[in-house]
Amino acid sequence: MALPPARPRRIGALLLALLIGGWLAAFGFTIGRLHTKALDERLSTAYTHTRNFEEHLTQTLQVIDLIATNLDPGTSAKLKPDEMSTLAKIALRPAPYLRSLSLLDAEGRVIGSSAKQNLGQRVDLGDFFPVGDPRAEVLRIGAPRPGRDISDNAAASQTLPLTPTAVNVIPVLRRLPGQPARWILASINPDYFINHFAQLLDPHEGRVQLLRYDGLLLASSGLNDPPGAKEVAGDVTRRLEQGEFGRFEQTLGDGRRVLSAYRASSRFPALIAVHIDREQALAAWRAESQHMAVIFLPALAALSIAGLLALRRQARIAVEEAERHRQARLSASVFDSSNDAIVLTLPNEEIISCNPAFQRITGYEKADVLGKTPRLLQSGQQNAEFYRDMWASIIRDGRWQGELVNRRKDGSLFTALVSINAVRNEAGEFQHYVGVTSDITERKRAQAAEREAALKLQQETVEKMLLREQTIRDALTGLYNRRYLDETLPREIARAKREGYPLAVIMVDIDHFKKINDTYGHPAGDEVIRILGRILSEGAREGDVVCRYGGEEFVVALPRMDLDAAVARAEKWRLTAAEYCVRHGELEIRFSLSAGVANFPTHHADTDALLQCADSALYRSKNDGRNRVTLYEPQVQIFRRST
């Protein structure tokens with residue numbers, strides 16, 4: 001019996017409705033899948049950034065740690081502040097991310113620094129993370145401090161957080177090994193990290209944050225993130241307690257929905273967090289969705305070609321299925337073609353498969369290891385406690401990664417980077433263990449050779465600097481010698497001319513020094529010279545040049561000091577010397593000094609002439625009865641008598 005005419009139309013309408021509904025469902029599914037894929041890809045991008053930035057951060061902090069561990073505390077205790085500052089400047093050269101390196105004594109006072117303005121500043125040794133005994137030989141990170149260096153923030157308020165645009169510095173503290181107690185304080189330039197972050201991740205797409213383990217923000221490429229703030233990374237700090245790395249979606253405190261990934265440093269109490277703006281991450285997806293809608297909706301309206309569209313969709317599905325099969329075959333081929341050794345075991349550690357790279361690296365054929373356990377590779381250099389901890393981590397976290405020294409079939413040793421992952425079934429039970437091993441023996445050797453070469457270069461540089469110091473230092477007093485004055489005084493006068501400030505020169509001579517030598521002996525005379533050198537250097541400012549000019553004569557150059565202040569300074573030295581009793585053995589020796597004072601630009605602008613003016617004033621003091629200070633007067637010139 002034939003169907004009523006309406007029946008075919010209803011059936012057709014139903015089929016058409018089913019077709020339209022199917023296509024709408026397919027369209028929604030595709031959009032949803034692309035949405036998920038877009039988010040997953042950006043999460044993977046964020047995670048890749050965290051790994052790269054964490055390696056960069058760890059390498060940076062390792063340099064500071066290496067500087068501290070390689071500095072001999074015995075040598076540092078004997079060096080003078082200038083010498084320690086020289087060492088700090090040398091160590092600073094290959095580290096553009098550091099603003100300064102400073103050496104601290106047991107009280108936290110800077111006793112040597114690559115930046116001379118830091119000398120004498122005091123640092124609170126307890127104000128660093130992780131909190132604990134500051135005597136522990138670990139690297140500890142302080143909160144961001146305002147200013148470009150510790151000299152800028154010593155007296156500044158430490159109220160946190162700072163403003164987002166504030167110039168700041170990140171202090172890092174590391175105790176030197178041995179006694180006496182010494183610390184290396186490195187001032188890290190946060191702009192170095194921020195610029196590096198911005199180069200790899202556009203600030204409009206997201207932000208990169210450098211944080212301590214306690215969640216304190218050290219630096220950020222985000223324009224509105226204040227250094228020193230807490231809780232700016234959202235849920236990262238809490239998740240850090242569960243694992244050293246991870247990725248997830250969250251809403252930050254400023255209301256932005258972001259795709260976050262984090263990774264803790266493998267050696268130090270800091271981590272990297274990357275937050276990619278979710279709206280930016282989905283911008284390409286929206287454009288693609290709109291583009292698909294423009295194409296799809298008109299096609300959906302054209303019901304006349306619905307069958308063709310269905311066939312084309314089936315063809316596309318077939319292609320996708322073929323691609324999935326191809327990807328599956330490709331994944332299987334990775335096992336055989338990988339350069340890393342891969343081994344698959346049962347939960348009881350029995351080996352059930354290994355790839356050709358395993359045979360090449362270890363020397364064991366597949367038949368040698370099937371049914372056995374990876375313990376046949378153990379070299380004995382890791383103890384039982386090491387392996388207990390390793391398996392505890394695998395059972396607890398489902399994974400472990402670290403370095404091992406293993407033994408090949410021929411008995412030779414090799415260093416391996418090993419990653420072990422547990423594979424669970426749907427019930428959560430361990431089904432397999434997959435171990436991936438990379439032979440890093442040559443890389444470790446190269447790294448050791450590089451460290452040795454760098455240390456050797458540093459030692460050679462220090463030796464050259466010390467040799468230079470010996471050529472410009474007086475052996476008896478440790479002060480600069482005449483050679484150094486001849487090199488330095490012309491430069492100081494030239495600088496005073498350019499900048500328009502006065503420069504005083506004081507020439508000092510010990511009265512009746514020949515009589516001291518004849519009466520008490522030359523060793524006693526040497527002791528008097530040393531004492532006078534100490535009096536002059538202790539009364540000098542930073543930037544003053546104190547030198548032993550020859551015999552019992554000393555010359556002091558005092559930039560930015562006028563005549564009245566220079567005469568007062570010389571008079572203070574004279575009174576100090578007159579009150580000083582030099583003890584040499586059982587002898588008590590008292591001495592006096594005479595001094596002559598001249599000044600640039602009042603008296604002369606030429607180096608030799610200015611020294612002659614001071615010399616003339618000195619010998620006027622001698623002729624007037626000694627034990628006095630005389631200011632040079634051009635109309636009264638008394639010149640050195642030949643002896």
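The values are calculated or read from the model by the stated rules, or taken from the named source; none is laboratory data. Nothing here was measured: the structure is a model prediction, and the numbers come from that model. Every residue, glycine among them, receives a Cβ derived from its backbone with ideal geometry; neighbour counts consider all protein chains shown. All accessible areas refer to the heavy atoms of the entire protein, side chains included, with ligands and DNA or RNA removed. Shrake-Rupley method; radii C 1.70, N 1.55, O 1.52, S 1.80 Å.
If you go through the stretch 332-358 and keep only what is part of a helix (DSSP H, G or I), at pLDDT below 90, open to solvent by 40 Å² or more (accessible area, probe 1.4 Å) and not charged (D, E, K, R), you end up with Ala332, Ser333, Val334, Phe335, Ser337.
If you check Gln381, Gln327 for being in a helix (DSSP H, G or I) and not acidic (Asp, Glu), only one passes: Gln327.
If the condition is being over 30 Å from Gln250 (Cβ atoms) and surrounded by fewer than 11 Cβ atoms within 10 Å (Cβ to Cβ), then the stretch 19-47 contributes Gly21, Ala25.
Given the stretch 542-643, what strands (runs of 3 or more DSSP E) lie entirely inside it while holding 2 or more residues that are closer than 24 Å to Tyr520 by Cβ and open to solvent by 10 Å² or more (accessible area, probe 1.4 Å)? Result: 545-550, 581-584, 587-590.
In the stretch 453-462, is there at least one residue being of a type in the set (Val, Ile, Thr) and crowded, with 18+ Cβ neighbours inside 10 Å? Taking every residue of the stretch 453-462 in turn, none turns out to be of a type in the set (Val, Ile, Thr) and crowded, with 18+ Cβ neighbours inside 10 Å. Only a single criterion out of (1) open to solvent by 50 Å² or more (accessible area, probe 1.4 Å); (2) of a type in the set (A, V, I, L, M, F, W, C); (3) closer than 27 Å to Asp336 by Cβ; (4) modelled with pLDDT of 85 or more is not satisfied by Val436, namely (1). Residues that are touching a residue at least 40 places away in the same chain (Cβ under 8 Å) and closer than 18 Å to Lys514 by Cβ do not occur anywhere in the stretch 599-608. Leu466 meets the conditions (1) assigned to a helix (DSSP H, G or I); (2) modelled with pLDDT of 80 or more; (3) closer than 27 Å to Glu553 by Cα in every case but one. The failed one is (2).
Taking the stretch 494-523 as the range and being in a helix (DSSP H, G or I) and within 15 Å of Tyr619 (Cβ to Cβ) as the test, only Phe513 passes. All told, Leu98 falls short of being modelled with pLDDT under 90 and not charged (D, E, K, R). Quick one: would you say Gly228 is open to solvent by less than 70 Å² (accessible area, probe 1.4 Å) and either farther than 18 Å from Gly142 by Cα or in contact with a Phe, Trp or Tyr (Cβ under 6 Å, 6 or more places away or on another chain) (or both)? No: the conditions fail for Gly228.
Within the stretch 231-245, being in contact with a helix residue (DSSP H, G or I) (Cβ under 8 Å, 6 or more places away or on another chain) and modelled with pLDDT of 90 or more holds for Gly243, Phe245. For the stretch 601-617, state whether one or more residues are in contact with a Cys (Cβ under 7 Å, 6 or more places away or on another chain) and under 30 Å from Gly120 (Cβ atoms). Within the stretch 601-617, none of the residues are in contact with a Cys (Cβ under 7 Å, 6 or more places away or on another chain) and under 30 Å from Gly120 (Cβ atoms).
Does Pro161 satisfy the condition of being out of contact with any strand residue (DSSP E or B) (no Cβ under 9 Å at 6 or more places or on another chain), farther than 18 Å from Ser260 by Cα and in contact (Cβ under 8 Å) with a residue 40 or more places away in the chain? Considered against the rule, which asks whether it is out of contact with any strand residue (DSSP E or B) (no Cβ under 9 Å at 6 or more places or on another chain), farther than 18 Å from Ser260 by Cα and in contact (Cβ under 8 Å) with a residue 40 or more places away in the chain, Pro161 comes out as no. Across the stretch 138-153, the qualifying residues are those that are in a loop (DSSP other than H, G, I, E, B) and not acidic (Asp, Glu), and the one among them that is least open to solvent (accessible area, probe 1.4 Å) is Pro144.
Determine if the stretch 82-98 includes at least one residue that is buried (at least 20 other Cβ atoms within 10 Å of the Cβ) and in contact with an Asp or Glu (Cβ under 6 Å, 6 or more places away or on another chain). No: the stretch 82-98 contains no residue that is buried (at least 20 other Cβ atoms within 10 Å of the Cβ) and in contact with an Asp or Glu (Cβ under 6 Å, 6 or more places away or on another chain). Is it the case that the stretch 401-410 has a residue that's open to solvent by 50 Å² or more (accessible area, probe 1.4 Å) and either β-branched (Val, Ile, Thr) or free of Cβ contacts under 8 Å to residues at least 24 places away in the same chain (or both)? Yes, the stretch 401-410 contains at least one residue that is open to solvent by 50 Å² or more (accessible area, probe 1.4 Å) and either β-branched (Val, Ile, Thr) or free of Cβ contacts under 8 Å to residues at least 24 places away in the same chain (or both). For beta carbons closer than 6 Å, sequence separation of 6+ or different chains, a first residue in the stretch 332-350 that is at positive phi and a second that is open to solvent by less than 40 Å² (accessible area, probe 1.4 Å), the qualifying pairs are Glu349/Thr373.
Among residues of the stretch 12-36 that are in contact (Cβ under 8 Å) with a residue 40 or more places away in the chain and in a helix (DSSP H, G or I), none has a Cβ under 6 angstrom from a residue that is of a type in the set (S, T, N, Q) and open to solvent by 40 Å² or more (accessible area, probe 1.4 Å) at a sequence gap of 6+ or on a separate chain. Listed by first and then second residue, the pairs with beta-carbon distance under 8 Å, at least 6 apart or on different chains, first residue in the stretch 208-226 and over 16 Å from Thr159 (Cα atoms) and free of Cβ contacts under 8 Å to residues at least 60 places away in the same chain, second basic (Lys, Arg) and open to solvent by 10 Å² or more (accessible area, probe 1.4 Å), are Gly215/Lys230; Ser220/Arg207; Ser221/Arg207; Gly222/Arg207. Just wondering, is there one or more residues in the stretch 501-514 that are on the phi < 0 side of the Ramachandran plot, surrounded by fewer than 22 Cβ atoms within 10 Å (Cβ to Cβ), within 46 Å of the chain's Cα centre (by Cα) and of a type outside the set (Asp, Glu)? Within the stretch 501-514, one or more residues are on the phi < 0 side of the Ramachandran plot, surrounded by fewer than 22 Cβ atoms within 10 Å (Cβ to Cβ), within 46 Å of the chain's Cα centre (by Cα) and of a type outside the set (Asp, Glu).
Within the stretch 303-312, none of the residues are within 19 Å of His49 (Cα to Cα), open to solvent by 60 Å² or more (accessible area, probe 1.4 Å) and modelled with pLDDT under 90.
Give the stretch 422-450 a look and list any residue that's assigned to a strand (DSSP E or B) and free of Cβ contacts under 8 Å to residues at least 24 places away in the same chain, or say none. Selection gives Val423 alone. With respect to the conditions (1) in contact (Cβ under 8 Å) with a residue 60 or more places away in the chain; (2) farther than 23 Å from Pro96 by Cα; (3) among the hydroxyl-bearing types (Ser, Thr, Tyr), Tyr192 falls short on a single one, namely (2).
Taking the criterion of being within 25 Å of the chain's Cα centre (by Cα) and either of a type in the set (Lys, Arg) or surrounded by fewer than 16 Cβ atoms within 10 Å (Cβ to Cβ) (or both), the residues of the stretch 244-266 that qualify are Glu244, Arg263, Ser266.
Each residue in the stretch 178-197 was checked for being open to solvent by less than 40 Å² (accessible area, probe 1.4 Å) and under 21 Å from Ile276 (Cα atoms), and 3 of them qualify. Residues in the stretch 99-137 that are among the hydrophobic types (A, V, I, L, M, F, W, C), in a strand (DSSP E or B) and free of Cβ contacts under 8 Å to residues at least 60 places away in the same chain were compared, and the one that is most open to solvent (accessible area, probe 1.4 Å) is Ile111.
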